[in-house]
Amino acid sequence: MNLRHYVTTNMAAPMSSVDKTPAECLQLNSTSFQKKTRSKFISIPGTRPSVQNGQLLVSSGVTSLDYLLGGGLAVGTVLLIEEDRYDSFSRMIFKYFLAEGVVCRHELFVAAAQDDPDDILQELPAPILDDVAIHRPGDQPRMSCEPQDTLDAMKIAWRYQNLPKVQSALASSSRFGHYYDVSKIMEPEIRQAAKWHRFYHPEHPPPSSGTHSPKLESYSALLKSLQEVIQREGFDLNAPLPKSRNILRVGLHSLGSALWGDDLCCHDNPKNVHALTSFLYGLRALLRSSLSVAVVTVPSHLIQDRALMGSITRLCDNAIALESFKGSERETNPLYKDYHGLLHVRQVPRLNCLASQLPDHKDLAFKLKRKQFTIERLHLPPDLSETVSRVGKGEPAAAACASATSSAKHLDF
């Protein structure tokens, strides 16, 4: 007998299917393997799964900031923003975050101690319509009057020819989120369609007597109010979720300031040194078990204890710091003439992975254009330092030569 025929005959079917009909064998073989399907993610408007760790993401409202944070803000996390000295640009990012929630039909929870949350919502920037063409940083339009031959013939200095082109803008290949015009205010019809909750600290005075200190009662009342909203509106993952799921965006403005009754910014040795850190512990535990994401701003430049500020940073998942040039020497420095401040990434999240993805560029700057707030890579002009050094070295020599030989002409080499 042929060996190939023997092997084929004895391996054609399992021993259990020898006495079965062809239809039964086909049914048996069809149930032996199951088609592998993709895991189903929660479908919520204004969200998308992360390609890195599968975490559900929402946009912060600033596309360049989403790029730095790995695609967006993960649901159940806290973003800490260290305010700039005049709280102008950090307040702008705070409004971007809330405006993105209004456009995506997410629910909002806004807490503040200085400004009324109603006033904050009335100052949200207006969204830019999708049919408006948005200029991409990498696309440089060519003038119709310039011929193609002239553009091809243009050359730069030989020492810069082999250098890679500097791409200062931070952008992702896929668009996520919306764009906003800071020169305009969101229309009342769009703003009134959103569902939101407020917590204004002056409306919640501390009790006259109690076991807790009045400075701790402000954070306790805030955490209790947030917990009630999460449980009442169906954002708690421990309870049965409704069919129509949504995201709760939590915005907490200027925690740790004296307006919240905290003395972190008033004394070198505050009495309630653990008040804010205890609140952040409870906040992060509350968000981990709910469909919520929070943005917290802190006036870090007023906190003298750097070790305490480090503890506050580590209690948050994401942390960035804004350093504005307003009122400093860098405001008049020609090196930073195109920017309004620097952005420092203090911490990035470590979710469902062993190591977090760090930004590819650490020198970052932000600027406020006529309509948009953007974050870019900070890079020096190629000949700025050399031009300054030449001018600095040439002025004394030129002054000395001018007194001796005023009629001398420049030599050409």
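The values are calculated or read from the model by the stated rules, or taken from the named source; none is laboratory data. None of these values were measured; they are calculated from a predicted model. Cβ sites come from the backbone with ideal geometry, for glycine too, and all protein chains shown count toward neighbours. Just the protein is used for accessible areas: all its heavy atoms, side chains included, with ligands, DNA and RNA removed. Shrake-Rupley method; radii C 1.70, N 1.55, O 1.52, S 1.80 Å.
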Point to revise | Residue-by-residue Karplus 3J(HN,Hα) for segment 43-53, coefficients 6.51, -1.76, 1.60, Hz, glycine and proline x | key: 8, 10, x, x, 10, 7, x, 6, 7, 9, 10
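For segment 243-388, give me the percentage of DSSP beta bridges that are antiparallel, rounded to the nearest 5 percent. Don't jump to the answer; show the numbers that get you there.
Working: 14 of 19 bridges.
The antiparallel proportion sits near 75 percent.
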Study note, to complete from the structure: For segment 262-270, in residue order, the Karplus 3J(HN,Hα) values (coefficients 6.51, -1.76, 1.60; θ = phi - 60°; whole Hz; Gly and Pro = x) are 9, 10, 5, 8, 9, 9, 6, 10, x
Check your understanding: Given H placed 1.01 Å from N in the peptide plane, which residues other than close sequence neighbours of residue 50 have an amide H under 5 Å from its amide H?
Key -> 55, 56, 57
Study note, to complete from the structure: If amide H atoms are modeled at 1.01 Å from N in the peptide plane, then the residues at a separation of 5 or more from residue 108, or on another chain, having amide H under 5 Å from its own are 195, 196, 197, 249
Practice item. Would you mind checking which residues have amide H under 5 Å from residue 292's amide H? H placed 1.01 Å from N; only 5 or more apart, or other chain. Key: 76, 248
Review point. Counting only the heavy atoms of the protein chains, how much of residue 204 is accessible to a 1.4 Å probe, in Å² to the nearest 10?
Key: 80 Å²
Exercise for review: Run the 1.4 Å probe and let me know the accessible area of residue 195, rounded to the nearest 10 Å².
Suggested key: 100 Å²
Study note, to complete from the structure: Net charge (Lys, Arg +1; Asp, Glu -1) of residues whose beta-carbon lies under 13 Å from that of residue 371, residue 371 excluded, is +3
Review point. Got a number for the accessible area of residue 51? Probe 1.4 Å, square angstrom, nearest 10.
Key: 140 Å²
Practice item. Rank these by accessible area, largest first, 1.4 Å probe: 105, 48, 288. Key: 105, 288, 48
